[in-house]
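Data first, discussion second: the structure below is written as C-alpha cells.
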Amino acid sequence: RAADPIADTRILPPAERLGRLRAFRAQVYGPAKASGLREIQQALRERQSTLEEVDLLSSLPEAFSMLEDADEDDRGRVRSVVVRLTLGMEIDLTTFPPEDSGRIEAFREEADLDRYIYYVAGCVGEFWTMMSVAHARALKSWDAERMSEIGMRFGKALQLTNVLRDVPKDLRIGRCYLPKIELSGAGISPENLLDPSAAEKARPVLSGWIETALGHYGAAEEYLLAIPRRCPRLRLGTLWPILIGLATLADLARNEAWLDPDRPAKVSRRWVYRMIACSIPAVLSNRVLRAWISRLRKEVEAPLK
C-alpha cells in the first residue's frame, strides 16, 4: 500500500517516481536501511495530498521492522509479492505518458495486458494461497502449487474486471490497457476511444476480454469450492469478490455507453448489502453457490451473444 503514493504522486515526473519506486523495492529486497527509508519519506511526505498518505509514509520504518521480524518463510513470501506488485507499478510508469501530457499510449498486444494483470493482482492470488496453506490447518491438504496457479487466475479475474470497467477513466490520464493490435483490427485507435460513440465499434475488443475474464472466474469458482465448508469466514472472503466482480462484468456487458466516463459499470451499495446478507446462509452449500455463480455468469454472457 505504501508503494501506491510513490507511483501515483503526479507532482513528480514519471522518471523521478520510477527512481523512488525502485529505491523502495531495494528496501523490500532487504535488509532495509533506516537512511534509505528516511530519504523516501523526506522526498514524498510533503507532496502527498492527504493526511492518510502522510501517515502511511511515516509508518515505513515500523512496517519494515515488522517484516524483518517475521518468520523467514513468511518474510520471503511478503518480499516476493511486494516486489512483483512494484513491477506492475513500474509497467505503468514506463509504458504510459505523464497523466497531464494530453497523449495516450496503449499496450501493444494481448501478452502485455496479461503480464500486467499478473503483476498487479495475479501474484497476490499466489501469495494469499501460499500464506493460507502455511497457516490455515484446514488447508494443509491442498496442493499448494496447483492451488497457487488457480489463485493467480482468481487475482487476474478481479484485476481484469477493474481494467475493463475503468477504460474511460484511464484513457483520460493517457492509459489504454486494451491492446493496440486488437483495436487496430477493429478499425480504431486508442485516441478514438475518447469518443463515447466509438463504443459499438470497439465492442468486439471489450467482449473478447470479458470472455477472458469469465474464464478466470471459472478458476475462482474452483478455488472457492476447494475451501472446506468448516471455514465459512474464509469462504465468505473469497465469495464476495467473485460475486461483485461478476455483477460488475454483467453491468459492463449490458452497458452500451461503456466508453462514457459518466456512465461507469458499478453495482449499487444496496446490491452489495443484499448480497452479503444472502451469502451468510448460502456459503456452506456448494450447490447454492454454484447456482448463484452460474446465474451471474449467464447475465454476463447474454449480452455478448
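Phi-derived couplings, Karplus 6.51 cos²θ - 1.76 cosθ + 1.60 at θ = phi - 60°, listed residue by residue for the range 131-147: 5, 5, 5, 6, 10, 9, 4, 5, 9, 4, 7, 5, 7, 4, 5, 5, 5 Hz, with x used for Gly and Pro. Evaluating 6.51 cos²θ - 1.76 cosθ + 1.60 at θ = phi - 60° for every residue in the range 264-276, the Karplus couplings come out as x, 6, 7, 7, 6, 5, 4, 4, 4, 4, 5, 4, 4 Hz, glycine and proline recorded as x. Think of the chain as a dipole: +1 on every Lys or Arg Cβ, -1 on every Asp or Glu Cβ, centred on the Cα centre; then among PRO5, ALA202, ALA138, ALA138 lies furthest on the positive end.
If only the Cβ of Lys and Arg carry +1 and only the Cβ of Asp and Glu carry -1, the dipole of the range 244-305 around its Cα centre is close to 340 debye.
Decide, for the chain, between rounded, prolate and oblate: order the square roots of the alpha carbon gyration tensor eigenvalues as a ≥ b ≥ c, take rounded if a/c falls under 1.5, and otherwise choose prolate if a/b is larger than b/c, else oblate. Verdict is oblate for the chain. Using heavy atoms of the protein chains and a probe of 1.4 Å, the accessible area assigned to SER197 is about 90 Å². Protein heavy-atom surface of the chain, 1.4 angstrom probe: 51% of the accessible area is carbon and sulfur, with nucleic acids and ligands not counted. LYS180 contributes about 90 Å² of solvent-accessible surface, heavy atoms of the protein only, 1.4 Å probe.
When the helices of the chain are scored as -39500 (n - 2.57) per DSSP H run of n ≥ 4 and the total is divided over every residue, the value at 222 nm lands at -22000 deg cm²/dmol.
With an 8 Å cut-off on Cα pairs and a minimum separation of 6 or more residues, tell me the relative contact order of the chain in percent. If you can, show how the numbers build up before the last one.
Details: 373 pairs, mean separation 44.5, N = 305.
About 15 percent, as a whole number.
Comparing ARG25, ARG153, ARG233 in a Gaussian network model of the chain (Cα springs below 10 Å), the most mobile by mean-square fluctuation is ARG233. For the chain, a simple Cβ point-charge model (Lys and Arg +1, Asp and Glu -1, everything else neutral) yields a dipole of about 1100 debye relative to the Cα centre.
With a Cα cut-off of under 25 Å and a minimum spacing of 8 residues unless on different chains, the lysine pairs in the range 114-238 number 6. Simple rule: put +1 on each Lys or Arg Cβ and -1 on each Asp or Glu Cβ in the chain, find the dipole, and look at SER101, ALA253, CYS123; the Cα lying farthest toward the positive end is ALA253. Which residue, ARG20, ARG108, ARG295, tops the fluctuation ranking in a GNM of the chain built on C-alpha contacts under 10 Å? Fluctuation is largest for ARG295.
Can you tell me how the range 1-127 classifies by the Cα gyration tensor, rounded, prolate or oblate, using a/c under 1.5 as the rounded cut? Note, shape of the range 1-127 comes out oblate.
Under 18 Å of direct C-alpha separation, and excluding same-chain neighbours fewer than eight residues apart, LYS33 reaches these aspartates and glutamates: GLU62, GLU68, ASP69.
This model, with +1 at the C-beta of Lys and Arg and -1 at the C-beta of Asp and Glu, gives the range 95-183 a dipole about its Cα centre of some 260 debye. For the chain, the residue among PHE154, ALA226, ALA63 whose Cα projects farthest onto the positive side of the dipole built from Cβ charges is ALA226.
Rg(Cα) of the range 67-114 divided by 2.2 N^0.38 Å?
In units of the 2.2 N^0.38 Å rule of thumb, it is 1.66.
Normalised per residue, the accessible area of the chain is 51 Å², obtained with a 1.4 Å probe and no contribution from ligands, DNA or RNA. Kindly provide the Kirkwood hydrodynamic radius of the range 67-207 in Å, to one decimal, from all pairs of distinct alpha carbon atoms. Taking every pair of different Cα atoms in the range 67-207, averaging 1/r and inverting gives 16.7 Å.
The values are calculated or read from the model by the stated rules, or taken from the named source; none is laboratory data. Just so we're clear, the structure is a prediction, and the values are computed from it rather than from any experiment. Note that we place each Cβ from the backbone using ideal geometry, even for glycine, and neighbour counts take in every protein chain shown. Just so you know, the surface numbers come from the protein's heavy atoms only, side chains and all, with ligands and any DNA or RNA stripped out. Shrake-Rupley method; radii C 1.70, N 1.55, O 1.52, S 1.80 Å.
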